[in-house]
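A quick write-up on the structure given underneath.
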Protein chains: 2
Amino acid sequence: MKKSALQIAREAYQPKLPLGLRGNVSVKEGEPTQSVADQEEIKKLFPNTYGLPLVEFVPSEEKKDYAPINVGVILSGGQAPGGHNVICGIFDMLKKQNPESKLYGFLMGPGGLVDHDYKELTADIIDEYRNTGGFDLIGSGRTKLELEGQFEKGLEILKQLNITALVIIGGDDSNTNACVLAEYYAAKNAGVQVIGCPKTIDGDLKNEQIETSFGFDTACKTYAEVIGNIQRDANSARKYWHFIKLMGRSASHIALECALQCQPNVCIVSEEVEAKEQTLDEIVEYIAGVVAKRAAAGNNFGTILIPEGLIEFVPAIKKLIAELNDLLAEHAAEVDGLDVADIREWLCKNLTPANAATFKSLPEGVGNQLALERDPHGNVQVSLIETEKLLSEMVGKKLAEWKKEGKYVGKFAPLHHFFGYEGRCAAPSNYDADYCYALGSSAAQLIANGKTGYMAIVKNTTAPAENWVAGGVPITMMLNMERRSGAMKPVIKKALVRLDGAPFKTFAAQREEWAENTCFIYPGPIQYFGPSEVCDRTTVTLALEQNA
Amino acid sequence: MKKSALQIAREAYQPKLPLGLRGNVSVKEGEPTQSVADQEEIKKLFPNTYGLPLVEFVPSEEKKDYAPINVGVILSGGQAPGGHNVICGIFDMLKKQNPESKLYGFLMGPGGLVDHDYKELTADIIDEYRNTGGFDLIGSGRTKLELEGQFEKGLEILKQLNITALVIIGGDDSNTNACVLAEYYAAKNAGVQVIGCPKTIDGDLKNEQIETSFGFDTACKTYAEVIGNIQRDANSARKYWHFIKLMGRSASHIALECALQCQPNVCIVSEEVEAKEQTLDEIVEYIAGVVAKRAAAGNNFGTILIPEGLIEFVPAIKKLIAELNDLLAEHAAEVDGLDVADIREWLCKNLTPANAATFKSLPEGVGNQLALERDPHGNVQVSLIETEKLLSEMVGKKLAEWKKEGKYVGKFAPLHHFFGYEGRCAAPSNYDADYCYALGSSAAQLIANGKTGYMAIVKNTTAPAENWVAGGVPITMMLNMERRSGAMKPVIKKALVRLDGAPFKTFAAQREEWAENTCFIYPGPIQYFGPSEVCDRTTVTLALEQNA
C-alpha cells in the first residue's frame, strides 16, 4: 500500500483519551435504568439486559489483573470516518489489559459472522490503519443480524475461536440488533457479551446518552469544505445558482450542520417541511422567492442546500408514494407491459384525486421515476430521484412565469451537485479520531467489566479530551416500540432534527439575512496539524446542543 | 464578512518570496528573444514589443528610489486559487517601492476596464483577502479585450485615474490579448505598460518559460482529496464503480495529475485518444475490459477518471460535431419545428455515412443533445454532455453483451461525479500562495523597470521558495500564428498533455497494474500548517517535468 504524505504524517497522531481511560480504570455504576418508552413491553422482550445501570469509567489507584480474552469486531452499514480508530481503541485497550488477548475482525459486515469469514487483527495490521478513513481494514456490509439462525451460526464461530465478546459498530438498527443478540446469548448463557458503538454520518443516532454518532463531524466538515469553495466560486463568478444535495437517508442533520458552517442562501430542512405540511410547490415558491429577491438586488447567484431525504418528508409526495406502492403492487399484471404514456394515464385515472393531482404536478421525468423504476420489492426508489434537479427545474419554471408577470427580472442559471461518497471515508478529524479511539477503549473496558447489551459512550466532548467522560449505556434504555414492516418492534428512536432545538433555532433566526445578503462562510479543508481553534473545533450542532 | 477559523488563522501566513525579490532588486537582462514560430509575421504584428529580452530579478546592494505610480489590475476568465495573492503581491511591492503608489482593481473582469467600473484597493481591503481563494475581491469576467474601441475606452479611464500600468491576470487568450493591448498602447505612445500573469486551473498555459499556471496545484489537490475519499469508500463498500469527470476545458492535465496522485483503476487521457484515433467504442471496450478483469478477481468496484474535454478529442465525434454544426446552420429553416424523432431521421439521411454511423452509435440522449441543444451561435454545447454517464451507460451495455457471451461474470453498479467548481476557489495551497505572491511581486517589478508586453514568471519552483527565480518573459516570445474563427491570429500555444512527457509516461508505465489491482492512494485534504513534506509538496506533474 503506497501512502500519501498526509497518511504517513498522520500515522504518528496519538488520539487523546479521557482521563478516566488513561491509567488504571475503575467503574462507577448508576441506578437501574428504564427504557425511554414502552417499559413493560421492552422489559418483557429483554429480561436479561433490561434495567441495567449506566456506567462511567473513572481513574483508579488500583492496578487490576485481566485474564486474556478473545474479542470479535464487526463494522455494520455505511462507512463513517473513524471506524478504524474504534478498532484501534479496542485493540490497544485489550492489549494493555493483557498482551495475550486477541482481536478478530469479521469481514464485510455482519455477514462475516454468519459466514465465518474473519481475520485476526495483529499489531502490524492495526498500525497500518491508525487515524485513517474508510472501513477497508475489515470491510462493512448491510446484512441485518435478526434471525435466530444467524445468531446460532455466529455462535459456532465464536465458540470455535473462543471469542467471549463481540463489538458491533453501527447505526441505530445495528445497535438495536446488537441488543437483541446480547439478550439472546445472555438468555442461553452462551458466554458471549455484545457491545455496540454509535456510528453514522447522518447524525441521527443521538439522545440523552449519546452526544453524537461518530463520523458526523468529519463528513460534515468535508462537505462544508466543498460547499464553501462552491460559495466562493458563486460569489466570484456571480452568475450561477448551485443546488447542492447532501447525503443523509432521512434526517437533515448534515444539511443543517453544513448550513450553520457555511451560511448558504437557502437550506431546506425536511423535518420543517413535514411539520408545516409544505407542498413541493411551496418549497419551490420559497426558493424562487429568494432567487427573485436577490436578482432584484443584482445578485443572480447563490447556494441552496437540499437534504437527500427531502422528497419523503413532503406530506403530499409521501402519500403519493404510499398509494403508488400499493396500487402498482396490486395491479402489477394489469400495468405490466404498458408503455410509459399508458401507465401515466392509468395512474391518473386510478390514483385518488389528491394523489393524482400531486402526480400530475411533478415534472414528467420524476413522475416516471416514481411510477416505473422500482426496486426488487416493488418499492419506489426514492434515493434515485435527483431532488436537486427536480427543484431547480421547478424553480426555473416558476421564475419564467413570474418573468411574464413582471414579478422577476434576472438570469437563472442552475448547477447541480450531490455530495455523499466524498465524505464518508475522509480521514477522521481530530475530533472523530479522538472520539472513536475513546469509544473503542470504552468498549474494551465494558467487556473487561463483564457488561453486555451496552453501547460504549463518551460524553462532554465539547470540553478538552482529558475531561471527556467515557462509559456505557444499556441499549434497552434507548429502546421504544415502533411499527416496522407491519409489526411492532423494539428499536432505538431515530433522532430527527428538532425544530425546538438550538441548531435549528439558530439557523431559523438567521436564514432571512442569509437568503437576502451574501453571508457565505468558507470553512476550508479539515486541518490536522494547525492551531487548536482550527483543528479541534466540534460541529456547530454539537456546540449549540451542549451549550443550550 | 464572518470568517471561518481557518481563514482567520490563514490570514497570518506570510507568503515566501524568492531571494531575488526580498530586498533591493536589480534586473538582469538576457539576449533579444524570438517567437516560438512564425517569427516574421509576429514581428510585423508587434513591432514595439517583439524581440525584447528575458529578464530576471536578482538581489542588489543598491537601494533605488521609485516615483509613485498608479497601477490597475484585472482578473480575466475562470477562477483559480491564488488570484488574490497575485493582487496582494502587486500591492505590497508597489507600496514597498513607494507608499504613495496606488492600486486600482477593475471590476468583474476586462469589462470593468471598458465600462469604467473600478475601485481603489487600499490596505484594509487587501488585508481581508490575503491567502484566500476566489476572485471575489474584484470579480472576474470573460469579456475579451480585442477591439480598438475597447482599448480606447480603457485608455480613457486609465488616463483619468493616471494609471500608467495594467496587470492582466488570465489564461492563454487573456495573455495574448494583454500583448496586443501592450503593443497598441506602445504604438501610440499612450504611456501605459501592460503586464500579464499566467492563471488557469487547467494547467494548459505552460512552456519553456512558464513552469505552471497558478491555481493548478490547489485545484488538483482539492480534486485529489475527494477522489481519494471516494476511492477509500469504493475499497470499503466494494460494490460501486465511480465514474468521475474532472473539469478542464480541453487539456487532460487535471485528470492526469489526479491519476498520479490517487492511482485510480482507469484514467482516460484525451490527448492519447486523439493521437491513437480511438473511437468511443474502443474507450468503452477498454473500460469494460478493466471492469471485467477486476470482476473475475471478485472486485466489482473501482474508479475511473474522465477529462471534461474528452468527447471533442474522439476523432469520429469531432468530425460528427463539425458536420452537425455546418449542416444544422445551413438547413436551419428546414429542420426548425421538426420533432426529435424527425430531426434524428433527417440527420441520419443527410449526414455523410461515416458521421451518420457515429451518430447512430451514440446513446439516444447524447445524440439528441448534440443535435438539439445548441448555443446562441448555433454550436453544439459540448460541455453540457454528461460524458461520465455516457461512458457508464455504454460500458453497462457492453458488459451485458459480454455476460450473455459468458465473457463477464460480475455486478456493475456505476455512480457518477463531476468535480470542477469544488476546486476553482479553494484557499490556495502554500505553493499557490507563495507562487502567486511572487508573480504579483514580479509584475510590480516589471512595471517599475519600465517593461511592457511581458508576462511575470517564477521558475525553479520545485526548489525551496528562496531559490525560486523571478522575472519576466516577453509575451511575443510565446506566440505563434493559429487559425481562429477562420482567420490566422497570433496566440500563445496551448500546452496539451505531451505523450512523450514524463507525467504521461509515468502514468502509462503503471496503469496496467493500477487497473488490475487496487493501488489507490488517499491524498487527504490540503494542509497549511503541518510538516513541510505534507504542506509544501508540488504537483506530481511539475515534479516529474522538472526532474525529467
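Each value in this text was obtained by applying a stated rule to the coordinates, not by laboratory testing. The model shown is predicted, which means the values in this text are computed figures rather than measured ones. Note: ideal-geometry Cβ built from the backbone for every residue, glycine included; neighbour counts use all protein chains shown.
Looking at the range A:231-278, which GluC sites (Glu not before Pro) are DSSP coil and have at most 11 other C-beta atoms within 10 Å of their C-beta?
Details: sites: A:GLU257, A:GLU271, A:GLU272, A:GLU274, A:GLU277; in loops: A:GLU277.
Answer by residue number: A:GLU277.
With the crude spin-label approximation of a point 7 Å out along Cα→Cβ, what separation in nm comes out for A:LEU147 versus B:ARG22?
7.2
Within 10 Å of each Cβ in A:414-421, how many Cβ atoms from other chains are there, averaged over the peptide? Walk me through the numbers on the way to the answer.
On the way: counts 0, 3, 1, 6, 4, 3, 4, 12.
Partner-chain Cβ atoms within 10 Å, mean over residues of A:414-421: 4.
Closest to the B-onto-A rotation axis, which residue of chain B has its Cβ, and how many Å off the axis is it?
Taking Cβ atoms only, the nearest residue and its distance are B:PRO525, 2.
Mind ordering A:362-368, B:340-346, B:473-479 by average Cβ neighbours within 10 Å, highest first? Please report the intermediate quantities before stating the final value.
Numbers: A:362-368: 16.3, B:340-346: 13.7, B:473-479: 27.0.
Listed from highest to lowest mean packing, they are B:473-479, A:362-368, B:340-346.
Only counting other Cβ atoms within 10 Å, I'd like B:MET108, B:MET481 sorted with the fewest neighbours first. The partial results should precede the final answer.
Values: B:MET108 21, B:MET481 16.
Ordered by Cβ neighbours within 10 Å, fewest first: B:MET481, B:MET108.
So what is the relative contact order of the range B:40-190, in percent, for Cα pairs below 8 Å that sit 6 or more residues apart?
Values: 226 pairs, mean separation 47.9, N = 151.
In percent, rounded to a whole number, it is 32.
Sort B:SER442, A:SER250, B:SER485, B:SER429 so that the residue with the fewest other Cβ atoms within 10 Å of its own Cβ comes first and the one with the most comes last.
Details: B:SER442 33, A:SER250 18, B:SER485 5, B:SER429 26.
Neighbour counts put them in this order, fewest first: B:SER485, A:SER250, B:SER429, B:SER442.
Quote the relative contact order of chain A in percent (integer), defining contacts as alpha-carbon pairs under 8 Å separated by 6+ residues. Write out the running numbers ahead of the final one.
Working: 1156 pairs, mean separation 131.1, N = 548.
Reported as a whole number, the value is 24 percent.
What does the average come to when, for each residue of peptide A:127-139, you count the partner chain Cβ atoms lying within 10 Å of its Cβ?
Details: counts 0, 0, 0, 0, 0, 3, 7, 11, 6, 11, 1, 1, 4.
Per-residue shielding by partner chains comes out at 3.
How far, in degrees from 0 to 90, does helix B:172-187 lean away from the longest principal axis of the Cα atoms of chain B, to the nearest 10?
Once rounded, one gets 30 degrees.
Can you give me the convex hull volume of the Cα atoms of the range A:1-149, divided per residue and expressed in Å³? All intermediate terms of the calculation are to be shown ahead of the outcome.
Numbers: hull volume 24.7 nm³, N = 149.
Cα convex hull per residue, to the nearest whole number: 166 Å³.
Taking the radius of gyration and the Kirkwood hydrodynamic radius from Cα positions alone, what is the Rg/Rh ratio for the range A:29-91, to two decimal places?
Looking at the range A:29-91, the ratio lands at 1.07.
Which one, B:VAL335, B:ALA371, B:ALA322, is farthest towards the positive end of the dipole of the range B:312-377 when Lys and Arg carry +1 and Asp and Glu -1 on their Cβ?
So the residue furthest toward the plus end is B:ALA322.
In terms of the ratio Rg/(2.2 N^0.38 Å) built on C-alpha atoms, what value belongs to chain A?
On the way: Rg = 24.9 Å, N = 548, 2.2 N^0.38 = 24.2 Å.
That works out to 1.03 for chain A.
At a Förster radius of 51 Å, what calculated FRET efficiency corresponds to the Cβ-Cβ distance of B:GLU512 and A:GLU345, to the nearest 0.05? Could the numbers behind the result be given before it?
Details: r = 53 Å, r/R0 = 1.04.
Once the sixth-power term is evaluated, E becomes 0.45.
Can you list the copy-to-copy distances for A:MET488, using a point 7 angstrom from Cα toward Cβ, in nanometres, shortest first?
8.9
On average over all directions, what projected area in square nanometres does the protein assembly as shown have, based on the convex hull of its Cα atoms?
Details: hull surface 185.2 nm².
Value for the protein assembly as shown: 46.3 nm².
So how far, in whole Å, is the C-alpha centre of the range B:483-548 from the one of the range B:385-401?
The distance from the Cα centre of the range B:483-548 to that of the range B:385-401 comes to 26 Å.
With a sphere of radius 14 Å drawn around the Cβ of B:ALA9, what net charge do the other residues whose Cβ falls strictly inside it have (Lys, Arg +1; Asp, Glu -1)?
Computed value for this residue: +1.
Which one, B:PRO490, B:MET108, B:VAL409, projects farthest toward the positive side of the charge dipole computed for chain B from Cβ point charges (K/R +1, D/E -1)?
Ranked along the dipole, the leading option is B:VAL409.
Mind giving me the nanometre distance, one decimal, between the label points for A:ALA322 and A:GLN546, set 7 Å out from Cα along Cα→Cβ?
3.9
Got the A:PRO531 label distances to the other copies yet, label 7 Å along Cα→Cβ, in nm, shortest first?
Sorted ascending, the copy-to-copy spacings read 2.4 nm.
Within 10 Å of each Cβ in peptide B:514-524, how many partner chain Cβ atoms are there on average? Round it to a whole number, please.
4
For the pairs A:LYS318/A:LYS494; A:LYS349/B:LYS389; A:LYS459/A:LYS493, flag any whose C-alpha to C-alpha distance is greater than 30 Å.
Numbers: A:LYS318/A:LYS494 18 Å; A:LYS349/B:LYS389 35 Å; A:LYS459/A:LYS493 19 Å.
Violating the 30 Å Cα-Cα cut-off are A:LYS349/B:LYS389.
So how tilted is helix A:280-296 from the main axis of chain A? Cα-based, degrees 0 to 90, rounded to 10.
Relative to chain A, helix A:280-296 is tipped by roughly 70 degrees.
Given the DSSP H assignment, sum -39500 (n - 2.57) over each helix run of at least 4 residues in chain A and divide by its residue total; what's the result at 222 nm in deg cm²/dmol, nearest 500?
Values: 22 runs with 239 residues, N = 548.
Taken over chain A, the calculation gives -13000 deg cm²/dmol.
Once both axes come from the Cα atoms, what is the angle between helix B:387-404 and the longest principal axis of chain B, in degrees from 0 to 90, rounded to 10?
With rounding to tens, the tilt is 20 degrees.
Quick check: pseudo-label points 7 Å beyond the Cα along Cα→Cβ at A:TYR286 and A:GLU128, how many nm apart are they?
Rounded to a tenth, the inter-label distance reads 4.8 nm.
Given +1 on the Cβ of Lys and Arg, -1 on the Cβ of Asp and Glu, and no further charges, what dipole in debye does the range B:312-377 carry about its Cα centre, rounded to the nearest 20?
Numbers: 6 positive and 12 negative charges, 69 e Å.
Its charge dipole is roughly 340 debye.
At a 10 Å Cβ-Cβ cut-off, how would you order B:TRP402, B:TRP514, fewest neighbours first?
Going from least to most buried by this count: B:TRP402, B:TRP514.
Given contacts defined as C-alpha pairs under 8 Å and at least six residues apart, what's the relative contact order of the range B:312-377, whole-number percent? Can you show the working numbers first?
Numbers: 32 pairs, mean separation 25.8, N = 66.
Reported relative contact order: 39 percent.
Under unit Cβ charges (Lys, Arg +1; Asp, Glu -1), what dipole magnitude, rounded to 20 debye, does chain B have relative to its Cα centre?
Working: 56 positive and 71 negative charges, 194 e Å.
That gives chain B a dipole magnitude of about 940 debye.
What percentage of all Cα-Cα pairs in the range B:312-377 are separated by more than 19 Å? If you can, show how the numbers build up before the last one.
Values: 456 of 2145 pairs.
So the portion of pairs separated by more than 19 Å is 21 percent.
Among A:ALA433, A:GLY472, A:PHE419, whose Cα sits farthest toward the positive end of the charge dipole of the range A:346-504 (+1 at Cβ of Lys/Arg, -1 at Cβ of Asp/Glu, about the Cα centre)?
Checked the options; the winner is A:PHE419.
Less than 13 Å Cβ to Cβ from B:ASN98, Lys/Arg counted +1 and Asp/Glu -1: what total charge do the surrounding residues give?
On the way: positive: B:LYS63, B:LYS64, B:LYS95, B:LYS96, B:LYS102; negative: B:ASP65, B:ASP92, B:GLU100.
In short, +2.
Given 20 °C and 1.002 mPa s, compute D for the range A:347-472 with the Stokes-Einstein relation, Rh being the Kirkwood radius over Cα pairs; round to the nearest whole µm²/s.
106
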